[in-house]
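The values are calculated or read from the model by the stated rules, or taken from the named source; none is laboratory data. Remember, predicted model here, so these are calculated numbers, not experimental data. As a convention, Cβ positions derive from the backbone with ideal geometry for all residues, glycine included, and neighbour counts pool all protein chains shown. The protein model used for the area step is the full one, side chains on, heavy atoms only, and it has no ligands, DNA or RNA in it. Shrake-Rupley method; radii C 1.70, N 1.55, O 1.52, S 1.80 Å.
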Amino acid sequence: PLSNEVVAAVVFLALGGIYWILSFRDDLRRSFRIAWLSATVVAGLAFVGYIAAAYSVPSVPTWNLPTAPLTLWLNALSSGPFVGLFGLLLARQEPSKSVAVALAALAALAAAGNGVVLVTQWQELPGIVTTTTRAVDLVPAMPLVIGAYVAFEAVAVALGGAGTLLHGIGASDDPFAAAQRTRAVRLALTATSAVLALAACFAVRFTFYALHMTLGI
């Protein structure tokens with residue numbers, strides 16, 4: 001499983017990196033760009049899938065749970081859209097407003113779902129014990145982490161949604177200075193939402209790694 005994860009990472013990063021180099025050419029056909037980017041998206045999703053599968057280890061009962069891959073997928077879907085929207089806004093290569101709104105909605109739904117899955121995971125831990133360790137004792141602050149995750153994601157969704165709703169305002173009908181101010185506000189909102197979403201994501205992941213407990217000890 002770990003080898004599959006590494007190979008998937010190499011394929012995804014190679015596709016993204018090569019496309020970045022090729023994108024400096026002006027003679028690339030739109031069909032070629034769409035096909036390459038589609039392959040990169042598929043590779044990215046496969047990468048997330050292989051990461052999720054890598055932790056399904058029978059000898060680590062705290063990781064070998066149905067909730068483990070779910071939280072990883074939902075982390076990706078709740079933080080990735082805001083990071084992506086910020087990067088596209090920074091590069092002045094934004095999707096349409098409808099697509100941006102759909103991505104923000106996807107992140108909100110994934111965050112809400114992840115909150116439910118994390119609570120379910122916490123409820124499973126008391127039943128996982130060895131001769132020396134109780135799983136629940138490994139992460140006594142997990143309820144606080146779940147609360148922080150939900151709070152960070154809620155603010156990220158609010159700020160990211162506000163930035164998305166400003167999409168297009170000041171782009172053509174406002175004077176140049178007003179358009180620049182609107183863009184600056186959107187950058188600040190989207191950047192903050194991306195940072196908060198990543199903070200929520202990493203808090204959950206660090207808690208997951210702290211749950212490492214083998215059957216032997």
Residues of segment 16-34 satisfying the condition of being assigned to a helix (DSSP H, G or I), of a type in the set (A, V, I, L, M, F, W, C) and open to solvent by 60 Å² or more (accessible area, probe 1.4 Å): Ile18, Trp20, Ile21, Phe32, Ile34
Segment 131-150 - residue that is of a type in the set (Val, Ile, Thr) and assigned to a helix (DSSP H, G or I) and, of those, most open to solvent (accessible area, probe 1.4 Å): Val150
In segment 205-217, which residue that is aliphatic (A, V, I, L, M) and either open to solvent by 20 Å² or more (accessible area, probe 1.4 Å) or at pLDDT 95 or above (or both) is farthest from Ala156 (Cα to Cα)? Ile217
Given the criterion out of contact with any Lys or Arg (no Cβ under 8 Å at 6 or more places or on another chain), assigned to a helix (DSSP H, G or I) and either charged (D, E, K, R) or within 28 Å of Gly216 (Cα to Cα) (or both), identify the matching residue among Ala52, Ala39, Ala43. Ala52
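In this structure, is Leu13 farther than 17 Å from Pro69 by Cα, of a type in the set (A, V, I, L, M) and open to solvent by 90 Å² or more (accessible area, probe 1.4 Å)?
It is true that Leu13 is farther than 17 Å from Pro69 by Cα, of a type in the set (A, V, I, L, M) and open to solvent by 90 Å² or more (accessible area, probe 1.4 Å).
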In segment 99-130, the residues that are in a loop (DSSP other than H, G, I, E, B) and free of Cβ contacts under 8 Å to residues at least 12 places away in the same chain: none
Within segment 88-98, which residues are assigned to a helix (DSSP H, G or I) and either charged (D, E, K, R) or closer than 13 Å to Gly160 by Cβ (or both)? Leu88, Leu89, Lys97
Answer from Ser38, Ser3, Ser59 - the residue that is free of Cβ contacts under 8 Å to residues at least 12 places away in the same chain and within 29 Å of Met213 (Cα to Cα): Ser3
Of the residues that make up segment 41-53, is at least one open to solvent by less than 50 Å² (accessible area, probe 1.4 Å), farther than 17 Å from Val11 by Cβ and not aromatic (Phe, Trp, Tyr)? no
Go through the residues of segment 166-184 one by one and say whether even a single one is open to solvent by 40 Å² or more (accessible area, probe 1.4 Å), closer than 19 Å to Thr67 by Cβ and either modelled with pLDDT of 90 or more or not polar (S, T, N, Q) (or both). no
